[in-house]
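Okay, structure first, notes after.
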Amino acid sequence: EAQVTQNPRYLITVTGKKLTVTCSQNMNHEYMSWYRQDPGLGLRQIYYSMNVEVTDKGDVPEGYKVSRKEKRNFPLILESPSPNQTSLYFCASSSLGDEQYFGPGTRLTVT
Amino acid sequence: GENVEQHPSTLSVQEGDSAVIKCTYSDSASNYFPWYKQELGKRPQLIIDIRSNVGEKKDQRIAVTLNKTAKHFSLHITETQPEDSAVYFCAASLSSGYALNFGKGTSLLVTP
């Protein structure tokens, strides 16, 4: 089954404790992206990747890192999480010229 | 960068009525305009999209119109049903499969 998966789905952590949210797709998509969703603000892009080893900042990249060592994986890294990074995070992927498919979301709470 | 404005932020209609959601965008180079539906606790899912070489597209009860000159596009849902209740997002992009700039969403409530 074609899909985008994210792990974990729910995470509660404390300020400053490094964490990684994984994202994987099995559709051989070139393009992958991370969004955060906050009430009243919609979906805002954090980082995106056009292909392996090619990443670029979106609209709200501060406090986040990403890597794209393999085509199927695009992890989101929070080196020192803060409470303002409490949010719902979505990974998405697509082939150029095709629609974006979203993962199921990761709800992160930073206390 | 691209700025997408979406209105209204909330919309309540009675079952069977029509619903219209409007979006404007700022970058005249944008060529791809998808609409996503997000049910409570779920991921956004594409419901319809339109490219800049087309003025209107329909899929059963859903239609999207695009006015490139005015830089606005709209989602029309006819004969609304309670299961249409969700948050709807418009987006604009230079091309499909590329970075999407989303509006802030419209919460649609269809009451029986």
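The values are calculated or read from the model by the stated rules, or taken from the named source; none is laboratory data. From a predicted model like this one, the values you see are computed outputs, not experimental measurements. Cβ sites come from the backbone with ideal geometry, for glycine too, and all protein chains shown count toward neighbours. Areas reflect the complete protein model, heavy atoms only, side chains present, ligands, DNA and RNA absent. Shrake-Rupley method; radii C 1.70, N 1.55, O 1.52, S 1.80 Å.
Taken as a whole, the condition of being under 23 Å from B:L46 (Cβ atoms) and either modelled with pLDDT of 95 or more or aliphatic (A, V, I, L, M) (or both) applies to A:T5.
Screening the range A:1-22 for residues that are within 24 Å of A:E70 (Cα to Cα) and more than 17 Å from the chain's Cα centre (by Cα) and picking the one that is least open to solvent (accessible area, probe 1.4 Å) gives A:A2. Note on the range A:49-66: among residues that are at pLDDT below 95 and closer than 15 Å to A:Y89 by Cβ, the one that is surrounded by the fewest Cβ atoms within 10 Å (Cβ to Cβ) is A:D59. Selection within the range A:6-50: residues that are among the aromatic types (F, W, Y) and within 11 Å of another protein chain (Cβ to nearest Cβ). The member of this set that is nearest to A:L96 (Cα to Cα) is A:Y31.
Taken over the range B:92-112, the criterion of being more than 8 Å from chain A (Cβ to nearest Cβ) and either under 18 Å from B:N53 (Cα atoms) or modelled with pLDDT under 95 (or both) is satisfied by B:A92, B:S93, B:L94, B:P112.
Results for (1) out of contact with any Ser or Thr (no Cβ under 6 Å at 6 or more places or on another chain); (2) within 14 Å of another protein chain (Cβ to nearest Cβ), shown as yes or no for each residue.
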| residue | (1), (2) |
| --- | --- |
| A:D59 | yes, yes |
| A:E62 | yes, no |
| A:N73 | no, no |
| A:I77 | no, no |
| A:S80 | yes, no |
| A:S95 | yes, yes |
| A:E99 | yes, yes |
| A:T109 | no, no |
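Here A:S82 fulfils each of the conditions (1) in contact with a Gly (Cβ under 9 Å, 6 or more places away or on another chain); (2) small (G, A, S); (3) under 27 Å from B:W35 (Cα atoms) apart from (3). For the range B:4-25, the count of residues that are out of contact with any Asp or Glu (no Cβ under 9 Å at 6 or more places or on another chain), within 14 Å of chain A (Cβ to nearest Cβ) and assigned to a loop (DSSP other than H, G, I, E, B) is at least one. Among the strands (runs of 3 or more DSSP E) confined to the range B:38-112, the ones with at least 1 residues that are over 18 Å from A:P39 (Cβ atoms) and open to solvent by 20 Å² or more (accessible area, probe 1.4 Å) are located at B:45-51, B:56-59, B:62-67, B:72-77, B:106-111. Residues of the range B:26-47 that are at the interface with chain A (Cβ under 10 Å from one of its Cβ atoms), closer than 13 Å to B:V87 by Cβ and under 10 Å from the mean Cα position of the chain (by Cα): B:Y36 alone.
So that you can scan it fast, the table gives a plain yes or no per residue for (1) over 22 Å from A:K18 (Cα atoms); (2) open to solvent by less than 30 Å² (accessible area, probe 1.4 Å):
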| position | (1), (2) |
| --- | --- |
| A:S80 | no, no |
| A:T86 | no, no |
| A:S94 | yes, yes |
| A:E99 | yes, no |
| A:G105 | no, yes |
| A:T111 | no, no |
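Of the residues making up the range A:82-92, those that are of a type in the set (G, A, S) and more than 9 Å from every other protein chain (Cβ to nearest Cβ) number 2.
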